[in-house]
Amino acid sequence: MTSASGSVSINLEAAYFLGVEIGVGVMRFALLDLASDTVSSGEKIVVRNLSPQGAAGIIADHLAGLEHNARLTARFTVSV
């Protein structure tokens, strides 16, 4: 965006990054905006021998949950 004075600014809510840490028995999620501020975070306990396909399914479920979170949907649209 450009303001009346001609300066340029960034819309911090224009894009988001979902980080996922996959540990032994746990997955941690952090949704960040363009300023690296945490918009949402969470943790899910999982089986210790989680397969890559299982991890991908849990990530997809987490994204679907973000789509249905009324507090967040006012700020952004999630797409996979």
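The values are calculated or read from the model by the stated rules, or taken from the named source; none is laboratory data. Computed from a prediction, not measured in an experiment: that's the story for all the values here. Please note that ligands, DNA and RNA were not included when accessible areas were found on the heavy atoms of the full protein model with its side chains. Shrake-Rupley method; radii C 1.70, N 1.55, O 1.52, S 1.80 Å.
At 1.4 Å probe size, with the rest of the protein present, what percent of the exposed accessible area of segment 1-66 is carbon and sulfur atoms?
Working: 2450 of 4330 Å².
Answer for segment 1-66: carbon and sulfur cover 57 percent of the accessible area.
Can you list, largest first and rounded to whole Å, the semi-axes you get for segment 1-60 by taking the square root of 5 times each eigenvalue of its Cα gyration tensor?
On the way: eigenvalues 258, 19, 9 Å².
Output for segment 1-60: semi-axes of 36, 10, 7 Å.
Collect residues whose amide H, placed 1.01 Å from N in the peptide plane, falls under 5 Å from the amide H of residue 40; neighbours closer than 5 in sequence don't count.
31
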